[in-house]
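This report refers to the structure that appears directly beneath it.
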Ligand SMILES: [Zn+2]
């Protein structure tokens, strides 16, 4: 990978042998491997490793999960917040695993739409809950750094499954609980 990055440096008109760039290919490779480490991880295994049987059947929400991913069209970052909710049917999952699940899918080349539904689908398949809702609010550097007057645009995507799709009240409750600043 280092040779390819060195070649890119040349293609953009740089001199890869100058001091500041000497170790850049190595650093870029390391960064790219980190940003895409999610390919090597199994999301179902992750959730299955912390499943518990519990009679709780009210909405569980983990909101404001920091999200950093890479747009597959431009290989530029997009970043923001992810909010996840589900209504358990006998099975609950460790809350930290939901955060890890978001990270796992973020550390791949993504489009925000697919990232959103992958998170929802995996929870739905693994936990078989009454419903799942996932909302992502993100800013895309590929939009912000190109052109004008796009610096503050936020892309919002959502995936609603089960009762979150069929029941307006459930969906509204979720949307109400994630809006605004967190109080903690
Ligand atoms: Zn892009």
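Quick notes on this structure:
- Applying 1/(1 + (r/R0)^6) with R0 = 22 Å to the Cβ-Cβ distance of residue 128 and residue 96 gives a FRET efficiency near 0.60.
- In terms of surrounding Cβ atoms within a 10 Å radius of their Cβ, 121, 55 rank from fewest to most as 55, 121.
- Seen against the Cα atoms of the chain and their longest principal axis, helix 95-106 is set at about 40 degrees.
- Per-residue packing, averaged as other Cβ atoms within 10 Å, sorts the ranges 131-140, 68-77 into the order 131-140, 68-77, beginning with the highest.
- In plain terms, the residue of 172, 144 with the fewest other Cβ atoms within 10 Å comes first and the most crowded comes last, giving 172, 144.
- For the chain, calculated [θ]222 nm from helices alone, where every DSSP H run of n ≥ 4 adds -39500 (n - 2.57): -11500 deg cm²/dmol
- Helix 2-11 and the longest principal axis of the C-alpha atoms of the chain enclose an angle of approximately 60°.
- Computed from Cα atoms, the angle from the helix 112-127 axis to the main principal axis of the chain rounds to 40 degrees.
- Prolate/oblate/rounded label for the chain (Cα gyration tensor, a/c 1.5): prolate
- Using a Förster distance of 22 Å, the FRET efficiency for residue 79-residue 41 (Cβ separation, nearest 0.05): 0.65
- Gaussian network model of the chain, springs between alpha carbon atoms under 10 Å - residue of 30, 97, 22 with greatest fluctuation: 22
- Highest mobility in the GNM of the chain, judged by mean-square fluctuation with C-alpha springs under 10 Å and restricted to 24, 116, 170, is found for 24.
- Efficiency of FRET from Cβ geometry, residue 145 and residue 33, R₀ 25 Å, rounded to 0.05: 0.60
- Ranked list, fewest to most other Cβ atoms within 10 Å of each Cβ, for 130, 86: 130, 86
- Considering only 17, 157, 126, the mean-square fluctuation computed in a Gaussian network model of the chain, springs between alpha carbons under 10 angstrom, is largest for 17.
- Value in Å of the Kirkwood radius, where region 1-58 supplies the Cα pairs that are averaged: 14.7
Read the figures in this text as sums done on the coordinates, not as results from a lab. Quick caveat, the model's predicted, so the values are computed rather than measured. Heads up, the Cβs are rebuilt from the backbone with ideal geometry, glycines too, and the neighbour counts pull from every protein chain shown.
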